[in-house]
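Scroll down for the structure; my scribbles are underneath it.
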Amino acid sequence: MNASRAEVAVAACSDLLRGAGAILASPTGVIPTIGTRLARLTHAPRLLLSDGEATLYADTPAIDEPFREPEAPLPYRELFELIARGRRHVIMGAAQLDRFGNQNLSAIGERDRPVRQLLGARAAATNTANHATSYWIARHAPRVFVPAVDVVTGVGRARAVAEGSDRFHDVRRVVTDLAVLDFSGPGDSLALVSVHPGVTVAEVKAATGFPLHVPDDAGTTRVPDAEELRLIRERLDPRRLRDREVPSP
């Protein structure tokens, strides 16, 4: 079965959680949410999923259906306990992301006089401390991947090292509609891990607003297998919400 670009991105987000064990997955966006649920149904059965409010759930419904089987309470204070103990992997979005992994969700332009106000800090700074953090970017473009973010809301690796807080820092990968990236480049900068099938390295570089490190071993993102495709199409997203977030090229 041929996989769509959206389905490849779902599998890449699922792979972010390989070996995770009993941790809380906190995805943002359609593709990462399907990916975390796919992980739980395949390689990460102990993964914890919540409704984003105050409850953990034992079932794994389609993305547009409610949870129905409460597993345990998760009041806000307990969420902070999970964060402090490193038992969480958050997959955040970004309005801007620079070459060193600093994230901006707050504003475009000067901080005190922005030309566009966005979501705000949204606890992004604490989301980049004590536990694993990855990013999902639905539109890989130069306006997102910028040389320097206008406002730092989420902290990148190089900044954490400079501030002496790197032992609390675990920013791992970036999945986009074109590629998978990590921070293995020079000085903990962004580097290409793989391009999605049908995408070229040149296309990824052109969509990135700074020189992107491309190692010799950069490859092609894996295609979900037949069982993963069945779960995506029949159980987790039968109404194809994934194609609205990442349309087929």
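Applying the set (1) in a strand (DSSP E or B); (2) at pLDDT 80 or above; (3) charged (D, E, K, R) to Asp150 leaves exactly one unmet item: (1).
Of the set (1) over 21 Å from Leu229 (Cβ atoms); (2) in contact with a Leu (Cβ under 6 Å, 6 or more places away or on another chain); (3) hydrophobic (A, V, I, L, M, F, W, C); (4) surrounded by fewer than 20 Cβ atoms within 10 Å (Cβ to Cβ), all apply to Leu41 but (1). Hey, could you check segment 72-117 for residues that are among the charged types (D, E, K, R) and open to solvent by 100 Å² or more (accessible area, probe 1.4 Å) and say which is nearest to Gly29 (Cα to Cα)? Taking the candidates together, the pick is Arg116. Please go through segment 171-199 and give me each residue that is in a strand (DSSP E or B), open to solvent by 20 Å² or more (accessible area, probe 1.4 Å), of a type outside the set (Asp, Glu) and modelled with pLDDT of 95 or more, ordered by number. Residues satisfying the conditions are Arg173, Val193. Go through segment 230-243 and count every residue that is closer than 13 Å to Glu65 by Cα and either among the small types (Gly, Ala, Ser) or open to solvent by less than 80 Å² (accessible area, probe 1.4 Å) (or both). Of the residues in that region, 4 qualify.
Might you check whether a residue that is in a loop (DSSP other than H, G, I, E, B) and more than 23 Å from Thr28 (Cβ to Cβ) occurs anywhere in segment 223-239? Yes, there is a match, as at least one residue in segment 223-239 is in a loop (DSSP other than H, G, I, E, B) and more than 23 Å from Thr28 (Cβ to Cβ).
The condition of being surrounded by fewer than 16 Cβ atoms within 10 Å (Cβ to Cβ), modelled with pLDDT of 75 or more, within 20 Å of Ala179 (Cβ to Cβ) and not acidic (Asp, Glu) holds for Pro142. Under the condition of being of a type outside the set (A, V, I, L, M, F, W, C), part of a loop (DSSP other than H, G, I, E, B) and either touching a Cys at 6+ places or on another chain (Cβ under 6 Å) or at pLDDT 95 or above (or both), the residues counted in segment 46-58 number 1. Does segment 200-208 contain any residue that is surrounded by 15 or more Cβ atoms within 10 Å (Cβ to Cβ), closer than 30 Å to Thr42 by Cβ and either modelled with pLDDT under 95 or touching a Lys or Arg at 6+ places or on another chain (Cβ under 6 Å) (or both)? No, every residue in segment 200-208 fails to be surrounded by 15 or more Cβ atoms within 10 Å (Cβ to Cβ), closer than 30 Å to Thr42 by Cβ and either modelled with pLDDT under 95 or touching a Lys or Arg at 6+ places or on another chain (Cβ under 6 Å) (or both). When Asp243 is tested against (1) assigned to a loop (DSSP other than H, G, I, E, B); (2) in contact (Cβ under 8 Å) with a residue 60 or more places away in the chain; (3) more than 19 Å from Asn102 (Cα to Cα); (4) not aliphatic (A, V, I, L, M), exactly one condition is not met: (1). Taking the conditions exactly as written (open to solvent by 80 Å² or more (accessible area, probe 1.4 Å) and more than 20 Å from Leu17 (Cβ to Cβ)), does Glu227 satisfy them or not? So Glu227 fails the test. When only residues in segment 6-19 that are closer than 11 Å to Arg222 by Cα and of a type outside the set (Val, Ile, Thr) count, which is surrounded by the most Cβ atoms within 10 Å (Cβ to Cβ)? It comes out as Ala9. Pairs are defined by a Cβ separation below 6 Å, a sequence spacing of at least 6 or placement on different chains, a first member in segment 166-188 that is under 17 Å from Asp217 (Cβ atoms), and a second member that is of a type in the set (Gly, Ala, Ser) and surrounded by 17 or more Cβ atoms within 10 Å (Cβ to Cβ); the pairs so defined are Arg173/Ser134; Val180/Ala12; Val180/Ser194; Asp182/Ala191; Phe183/Gly101; Ser184/Ala191; Gly185/Ala191.
The values are calculated or read from the model by the stated rules, or taken from the named source; none is laboratory data. Small disclaimer: the values here were computed from a predicted structure and weren't measured. When we count neighbours, we look across all protein chains shown, and the Cβ atoms used for this are built from the backbone with ideal geometry, even at glycine. Note: accessible area is taken over every heavy atom of the protein model, side chains too, but ligands, DNA and RNA are not part of it. Shrake-Rupley method; radii C 1.70, N 1.55, O 1.52, S 1.80 Å.
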